[in-house]
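Okay, so here's the structure we're looking at.
The values are calculated or read from the model by the stated rules, or taken from the named source; none is laboratory data. All figures in this text were calculated on a predicted structure; none of them were measured in a lab. Don't worry about glycine lacking a Cβ; one is built from the backbone with ideal geometry, like all the others, and counts go over all protein chains shown. With ligands, DNA and RNA removed, areas are computed over all heavy atoms of the protein, side chains included. Shrake-Rupley method; radii C 1.70, N 1.55, O 1.52, S 1.80 Å.
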Amino acid sequence: MKLLHFTAEWCQPCKMMKPVIDQVMEGNPEIQYIPIDIDENPETAKSYSVMGVPTFITLDDNDFVIQRVTGAMSKAEFEKRLQI
(Lines give C-alpha, C1' and ligand atoms only; values in the text may rest on other atoms or scores of the structure.)
Protein backbone atom coordinates (compact mmCIF):
# COMPACT_ATOMS: atom_id res chain seq x y z
CA MET A 1 0.00 0.00 0.00
CA LYS A 2 1.09 3.58 -0.68
CA LEU A 3 0.10 6.58 1.38
CA LEU A 4 0.18 9.87 -0.50
CA HIS A 5 0.30 12.82 1.89
CA PHE A 6 -0.51 16.13 0.23
CA THR A 7 0.87 18.92 2.39
CA ALA A 8 2.25 22.47 2.34
CA GLU A 9 4.98 24.22 4.31
CA TRP A 10 2.56 26.97 5.45
CA CYS A 11 -0.18 24.53 6.58
CA GLN A 12 -0.65 24.50 10.38
CA PRO A 13 -2.85 21.34 10.43
CA CYS A 14 -0.15 19.61 8.36
CA LYS A 15 2.45 20.53 10.98
CA MET A 16 0.14 19.19 13.72
CA MET A 17 -0.14 15.87 11.86
CA LYS A 18 3.64 15.35 11.56
CA PRO A 19 4.12 13.49 14.88
CA VAL A 20 1.01 11.38 14.21
CA ILE A 21 2.28 10.41 10.76
CA ASP A 22 5.75 9.64 12.14
CA GLN A 23 4.27 7.30 14.78
CA VAL A 24 1.95 5.53 12.36
CA MET A 25 4.64 5.06 9.71
CA GLU A 26 7.11 3.76 12.30
CA GLY A 27 4.60 1.08 13.28
CA ASN A 28 3.68 0.21 9.68
CA PRO A 29 6.92 -0.19 7.68
CA GLU A 30 5.05 -2.04 4.93
CA ILE A 31 3.34 1.21 3.90
CA GLN A 32 5.18 3.29 1.33
CA TYR A 33 4.81 6.88 2.61
CA ILE A 34 5.02 9.61 -0.05
CA PRO A 35 4.81 13.25 1.10
CA ILE A 36 3.85 15.65 -1.69
CA ASP A 37 4.15 19.43 -1.26
CA ILE A 38 1.29 20.99 -3.24
CA ASP A 39 3.27 24.19 -3.89
CA GLU A 40 6.18 22.23 -5.38
CA ASN A 41 3.97 19.68 -7.20
CA PRO A 42 0.77 21.48 -8.26
CA GLU A 43 0.14 19.16 -11.20
CA THR A 44 0.25 16.06 -9.01
CA ALA A 45 -2.17 17.68 -6.55
CA LYS A 46 -4.43 18.62 -9.45
CA SER A 47 -4.32 15.11 -10.90
CA TYR A 48 -5.66 13.77 -7.58
CA SER A 49 -8.20 16.64 -7.26
CA VAL A 50 -6.68 17.82 -3.99
CA MET A 51 -8.61 20.87 -2.79
CA GLY A 52 -7.24 21.18 0.75
CA VAL A 53 -4.35 20.08 2.93
CA PRO A 54 -3.56 17.86 4.59
CA THR A 55 -5.06 15.27 2.26
CA PHE A 56 -4.20 11.60 2.59
CA ILE A 57 -4.83 9.15 -0.25
CA THR A 58 -4.14 5.44 0.08
CA LEU A 59 -3.40 3.44 -3.06
CA ASP A 60 -3.43 -0.32 -3.52
CA ASP A 61 -0.64 -2.26 -5.23
CA ASN A 62 -2.09 -1.32 -8.64
CA ASP A 63 -2.18 2.40 -7.73
CA PHE A 64 -5.98 2.51 -7.46
CA VAL A 65 -7.37 4.86 -4.82
CA ILE A 66 -8.61 2.96 -1.78
CA GLN A 67 -9.33 5.81 0.61
CA ARG A 68 -9.18 9.58 0.72
CA VAL A 69 -9.20 11.69 3.90
CA THR A 70 -8.73 15.43 4.32
CA GLY A 71 -7.94 17.28 7.53
CA ALA A 72 -6.02 16.88 10.75
CA MET A 73 -7.03 14.09 13.15
CA SER A 74 -5.86 12.05 16.12
CA LYS A 75 -3.64 9.01 15.67
CA ALA A 76 -6.55 6.64 16.39
CA GLU A 77 -8.81 8.41 13.90
CA PHE A 78 -6.01 8.53 11.31
CA GLU A 79 -5.45 4.78 11.57
CA LYS A 80 -9.18 4.05 11.52
CA ARG A 81 -10.00 6.35 8.60
CA LEU A 82 -7.11 5.07 6.51
CA GLN A 83 -7.81 1.46 7.46
CA ILE A 84 -4.26 0.97 8.73
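Quick look at the values:
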item	result
Checklist (1) over 18 Å from residue 81 (Cβ atoms); (2) touching a Ser or Thr at 6+ places or on another chain (Cβ under 9 Å) applied to residue 32, failing item	(2)
Residues being touching a residue at least 60 places away in the same chain (Cβ under 8 Å) and acidic (Asp, Glu) - total across region 32-83	2
Options 20, 65: the member that is surrounded by 11 or more Cβ atoms within 10 Å (Cβ to Cβ) and over 17 Å from residue 1 (Cα atoms)	20
Unique match (being open to solvent by 70 Å² or more (accessible area, probe 1.4 Å) and either under 12 Å from the mean Cα position of the chain (by Cα) or among the aromatic types (Phe, Trp, Tyr) (or both)) among 70, 58	70
Residue within region 54-67 that is in a loop (DSSP other than H, G, I, E, B), on the phi < 0 side of the Ramachandran plot and aliphatic (A, V, I, L, M) present	no
Region 23-43, subset open to solvent by 50 Å² or more (accessible area, probe 1.4 Å) and in a helix (DSSP H, G or I), residue nearest to residue 54 (Cα to Cα)	42
Flag if residue 51 is more than 15 Å from residue 81 (Cβ to Cβ), part of a helix (DSSP H, G or I) and not polar (S, T, N, Q)	no
Residues that are among the hydrophobic types (A, V, I, L, M, F, W, C), farther than 16 Å from residue 79 by Cβ and out of contact with any Lys or Arg (no Cβ under 8 Å at 6 or more places or on another chain), drawn from region 17-64	36, 38, 45, 50, 51, 53, 64
